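Novice: Take this structure, written in structure tokens, and hold onto it; I'll ask about it next.
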Amino acid sequence: MDTDNQQTDMKTYTEDEVNGLIQSAKDEWTNTELEPLQQQIKELEQFKPVQKTDAEIALEQKSKELFEKEKTLTLKEAGLQEFAEFFEVGNIDDLQSKIEQFNKILASKSLDNTYKPESHKTSDKYSIAEKKGDTVSMIGSKMSKIFN
């Protein structure tokens, strides 16, 4: 008998009512979930990078190649082509300033690396006689300084 009560408590829906409930659930989900997400997508699309055409890509590649050739030629003219990998610049003006700075550094380093004698003395008659152990010549060089 309990089953009879349960069956009588249950409401039966027609197909149209079920379709109406499904549609209202869809509408509610669309309003609360889908529309805010679609709006966020539209807002974020403004930050999406523009797709470049094949012609634009080819032009950029040619421009990059031309700049590299100009950079190589400029470095060759400055005699610095073996240092090309150390010059990372965006334009030729920057390259010129880097070349000037690099040449200043090279010039200062080349002067600093020259031979500098530490104990270079001028050789006079007295020093030469002293090395030989010739006391007579040593005294003679001292006397010549006194009388001259």
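Novice: Helix 92-112 sits at what angle to the longest principal axis of the chain, using alpha carbons and giving 0 to 90 degrees rounded to 10?
Specialist: Rounded to the nearest ten degrees, it is 30.
Novice: Could you work out which residue, out of Thr74, Thr135, Thr32, moves most in a Gaussian network model of the chain, that is, has the largest mean-square fluctuation with Cα springs under 10 Å?
Specialist: Among Thr74, Thr135, Thr32, the largest mean-square fluctuation in the Gaussian network model of the chain belongs to Thr135.
Novice: Could you work out what % of the accessible surface of the chain is carbon and sulfur, using a 1.4 angstrom probe and leaving DNA, RNA and ligands out of the count? It would help to have the intermediate numbers written out before the result.
Specialist: Numbers: 7450 of 13710 Å².
Answer for the chain is 54 percent, counting heavy atoms of protein chains only.
Novice: Separate question: Using only alpha carbon pairs under 8 Å that are at least six residues apart, calculate the relative contact order of the chain and give it in whole percent. Could you put the intermediate results ahead of the total?
Specialist: Details: 25 pairs, mean separation 13.4, N = 148.
Contact order relative to length: 9 percent.
Novice: A follow-up question, please. Taking the Cα centre of the chain as the origin and placing charges on Cβ (Lys, Arg +1; Asp, Glu -1), which of Leu44, Leu95, Met143 is farthest toward the positive end of the dipole?
Specialist: Met143
Novice: For the range 9-148, would you read off the P(r) tail past 25 Å as a percentage of all alpha carbon pairs? Mind showing how you got there, number by number?
Specialist: On the way: 7063 of 9730 pairs.
So the portion of pairs separated by more than 25 Å is 73 percent.
Novice: Which entries in Lys109/Lys142; Lys64/Lys104; Lys104/Lys125 show an alpha-carbon gap greater than 32 Å?
Specialist: Values: Lys109/Lys142 44 Å; Lys64/Lys104 28 Å; Lys104/Lys125 44 Å.
From Lys109/Lys142; Lys64/Lys104; Lys104/Lys125, over 32 Å: Lys109/Lys142; Lys104/Lys125.
Novice: Right, another one. Using a 1.4 Å probe, what is the accessible area per residue for the chain, in Å²?
Specialist: Values: 13710 Å² over 148 residues.
In whole numbers, the chain has 93 Å² accessible per residue.
Novice: So which chymotrypsin sites (Phe, Trp or Tyr not before Pro) in the range 15-94 pass both tests, a DSSP loop state and at most 10 other Cβ atoms within 10 Å of the Cβ?
Specialist: Details: sites: Trp29, Phe47, Phe67, Phe83, Phe86, Phe87; in loops: Phe47, Phe87.
Those satisfying the criteria are Phe47.
Novice: Follow-up question, since we're still on this one. Based on Cβ point charges of +1 for Lys and Arg and -1 for Asp and Glu, what charge dipole magnitude is obtained for the chain about its Cα centre, in debye rounded to the nearest 20? Before the final figure, lay out each step's value.
Specialist: Details: 20 positive and 30 negative charges, 665 e Å.
With only Lys, Arg, Asp and Glu charged at Cβ, the dipole is about 3200 debye.
The values are calculated or read from the model by the stated rules, or taken from the named source; none is laboratory data. Since the structure is predicted, the reported quantities are computational estimates derived from the model, not experimental observations. Every residue, glycine among them, receives a Cβ derived from its backbone with ideal geometry; neighbour counts consider all protein chains shown. Please note that ligands, DNA and RNA were not included when accessible areas were found on the heavy atoms of the full protein model with its side chains. Shrake-Rupley method; radii C 1.70, N 1.55, O 1.52, S 1.80 Å.
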